[in-house]
Amino acid sequence: MIMTHRNKNTEALIKVNNLSFAYDKRNVLENVNFEVNEGDCLAIVGPNGGGKSTLLNILCGELSTTNSSVAICNNVPSQVRKLLGYIPQKNYYDEQFPIKVLQVVLMGRLGGKGFWYSKYDKKIALENLRKMQMENFAQHSFPSLSGGQKQRVLIARALATETKILVFDEPTSSLDVHSQNLFYDLLCDLNKDYTILVVTHNIHEVPKFAKSVLFVNKNTDFLSFTKGKEQDFYHWYQEKINV
Amino acid sequence: MFEFITALQEFAFLRYALIAGILASISCGIVGAFVVTKRISYLAGAISHFVLGGIGIARYLNIVHGWTFLDPMYGAVIFALLAAIFIGYVRFWHKQREDTIIGVMWAVGMAVGVMFISQTPGYNEDLMTYLFGNILLVTAEDLRIIAVLDVIIVVLCIFFYRSLVAICFDEHFAKLRGIKVRRLYILLLCLTAMTVVLLVTVVGIVMVIALLTIPAGIASQFAKSLGQMMLLATLLSIVFVTSGLGVSYQYDVPSGATIIIISGIIYVISAVFSSSRFRFKN
């Protein structure tokens, strides 16, 4: 069992045990095992078609497995999908949709009762916009924001779900270098309060934020990241890719 | 225009036409905003053409078999809803390409409609009425059906507003928040289907997509939120229908075509204005 050893006393937030998954008898994931502890910042890397998106979809409860080998906070993912704060990649949402920033963040409160959002929902949404230093943009139009600002709003939306776990899907694919650096600083800040999973292709940036790395290519392999030993990581990744 | 206002006081059919146009504009503005932002205008096109099948069968049963209770508009509503449910079902459960479904429904609906209308005794002019609309033929009974459909559409939109906005903006996230995305998408298609039926009476099957998308398209260039977009689209739609009716009455030209031509001209002007404003800003 691969474990992200941050604190041995705390119970793992995510447990994946002997997970296998196939599309039309084509195995995408085989016997995958890992655990993610509270406070970790896990980068999920691997080649295209290696199973990263499938793994993410299983963790988000979008795909179900026949055996109950995946648990998030000791529950089946489909039952606790609301517990995950998901930040989508750019092409998952409509960038030009006419909507105000506050309304985007309020979507994190969806699923409650009533026709409209409550005062409490609005309070939570504004609090999280403030955390992302975007409270002055609450009444701005979402399409008028820059790529980096849009991402902060989407993070505020994920935080508004009152989650413990943030899941980023290719977070830097639409950002310039400056915005990417700001994003990694933000990620490290968020990691003080949240457990973070980041699916990324951007291998060279992984050492900037990750505490541990999960390589997914049908099976998984795991590396606990040590600051200052970036070269070890690159060698390890190269070996995995060559295999 | 003064002549039109005088005629409104004089002729009941003209008043019915104006009321029908305004009622249809309310649904058109609200549902049109969803259709444009969700980019499903071609699904609306397929539904509108499929509706001819329902109109044809209802009219055939009404005239040939004496089913007088079956107004062609009921046939339109039933076929529009069937089309909406079928498109949603095929998209989600059979994973078929949407453009293929659109093509099939578009043509099959028209074919069924033409077949039944040709077998129904009476004026073939009716086919032209359904295809290109004639709002001046709206009856008091039609007006009642239009009002009921309008109320249903507006109430459902208010009831499901935040979930509909969520699935139009980010379907994936909405699903994670526990929203029943498939059911809501089919509901959105059903709302579109009912709006299509309302608009068929105003501009006819062929031009429904234009009236459903042009006001919302213009509104989207200026609105900061979906609510603003809906309000602006509704007002624009009322302006287009009223001015189109007035011009068609004044110059004795087809009302549906006049409404669409006016809408099209305003759309081009707004697009030019909007792009020059964007260039100026940058």
message: Suppose we filter B:158, B:152, B:135 for residues that are at pLDDT below 90 and either out of contact with any Cys (no Cβ under 8 Å at 6 or more places or on another chain) or surrounded by fewer than 19 Cβ atoms within 10 Å (Cβ to Cβ) (or both); which single one remains?
response: B:135
message: Show me the strands (runs of 3 or more DSSP E) entirely contained within the range A:1-61 in which 1 or more residues are among the basic types (Lys, Arg) and either modelled with pLDDT under 85 or more than 23 Å from residue A:234 (Cα to Cα) (or both).
response: A:14-23, A:26-36
- prompt: For residue B:230, which of the numbered conditions (1) more than 11 Å from every other protein chain (Cβ to nearest Cβ); (2) modelled with pLDDT of 95 or more fails to hold?
  reply: (1)
field: Condition broken by residue A:199, with the remaining ones in (1) of a type outside the set (Phe, Trp, Tyr); (2) under 13 Å from the mean Cα position of the chain (by Cα); (3) more than 30 Å from residue A:240 (Cα to Cα) satisfied
entry: (3)
field: Residues of the range B:175-212 classified as surrounded by 24 or more Cβ atoms within 10 Å (Cβ to Cβ) and either within 14 Å of chain A (Cβ to nearest Cβ) or of a type in the set (S, T, N, Q) (or both), total
entry: 4
- prompt: When you go through A:64, A:53 one by one, which is the residue that is out of contact with any strand residue (DSSP E or B) (no Cβ under 6 Å at 6 or more places or on another chain), within 12 Å of chain B (Cβ to nearest Cβ), surrounded by fewer than 22 Cβ atoms within 10 Å (Cβ to Cβ) and of a type in the set (S, T, N, Q)?
  reply: A:53
task: Quick one: which helices (runs of 4 or more DSSP H) lie wholly within the range B:107-206 and hold at least 3 residues that are over 22 Å from residue B:53 (Cβ atoms)?
output: B:140-159, B:161-169, B:171-176, B:181-203
query: Of A:186, A:166, A:145, which residue is more than 14 Å from chain B (Cβ to nearest Cβ), among the aliphatic types (A, V, I, L, M) and either surrounded by fewer than 19 Cβ atoms within 10 Å (Cβ to Cβ) or within 14 Å of the chain's Cα centre (by Cα) (or both)?
result: A:186
Condition met for residue A:77 (farther than 20 Å from residue B:225 by Cα, buried (at least 22 other Cβ atoms within 10 Å of the Cβ) and within 12 Å of chain B (Cβ to nearest Cβ)): yes
field: Meets criteria (surrounded by 13 or more Cβ atoms within 10 Å (Cβ to Cβ) and out of contact with any Leu (no Cβ under 9 Å at 6 or more places or on another chain)) for residue B:61
entry: no
field: Residue match in the range B:128-138 (condition: among the aromatic types (Phe, Trp, Tyr) and away from chain A (no Cβ under 13 Å))
entry: yes
message: If residue A:12 meets every condition in (1) more than 10 Å from chain B (Cβ to nearest Cβ); (2) within 16 Å of the chain's Cα centre (by Cα); (3) not basic (Lys, Arg) apart from one, which number is that one?
response: (2)
field: Verdict on residue A:110 being modelled with pLDDT of 95 or more, facing another protein chain (nearest Cβ under 9 Å) and under 17 Å from residue B:168 (Cβ atoms)
entry: no
query: If you take the residues of the range A:96-142 that are among the charged types (D, E, K, R) and either outside any helix (DSSP H, G or I) or in contact with a strand residue (DSSP E or B) (Cβ under 6 Å, 6 or more places away or on another chain) (or both), which of them is surrounded by the most Cβ atoms within 10 Å (Cβ to Cβ)?
result: A:100
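The values are calculated or read from the model by the stated rules, or taken from the named source; none is laboratory data. What you see is a predicted model, and the numbers here were worked out from it, not measured in a lab. Neighbour counts run over all protein chains shown; Cβ positions are idealised from the backbone, glycine included.
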